[in-house]
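One structure below.
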Amino acid sequence: MDLYHKMESNHSCRNCDEKANYLMMTPIGELGFCSEYCFAIYMDLPVKEEGYYGLPKAEQSDVE
Ligand SMILES: [Zn+2]
């Protein structure tokens, strides 16, 4: 069994398994989130309305 079957090449939300709509560049690499809700949960931040944190949208230039 491969515990790391979801690697960087296929961005998915860090908090759930949805497709990442937001992508954050951090010192430890890219973190993807499907919504600011998941971002807040994962980062242990208060959940605010969508757009509050102003996360950068993931580039969707590569469509499968
Ligand atoms: Zn999510």
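The values are calculated or read from the model by the stated rules, or taken from the named source; none is laboratory data. Bear in mind that the values here come from a model prediction, so they are computed numbers and not experimental data. All Cβ positions, glycine included, derive from the backbone under ideal geometry; neighbour counts span all protein chains shown.
Within the range 33-61, can you find the residues that are in contact (Cβ under 8 Å) with a residue 24 or more places away in the chain and of a type outside the set (A, V, I, L, M)? Once the filter is applied, which keeps residues that are in contact (Cβ under 8 Å) with a residue 24 or more places away in the chain and of a type outside the set (A, V, I, L, M), the range 33-61 yields Cys38, Phe39, Tyr42, Pro56, Lys57, Glu59.
So which of Glu30, Glu18 ends up being touching a Leu at 6+ places or on another chain (Cβ under 6 Å), without any contact (Cβ under 8 Å) to a residue 60 or more places away in the chain and either charged (D, E, K, R) or more than 15 Å from the ligand (Cβ to nearest atom) (or both)? Just one listed residue meets the conditions, Glu30. Being modelled with pLDDT under 95, surrounded by 10 or more Cβ atoms within 10 Å (Cβ to Cβ) and assigned to a strand (DSSP E or B) is true of Leu31.
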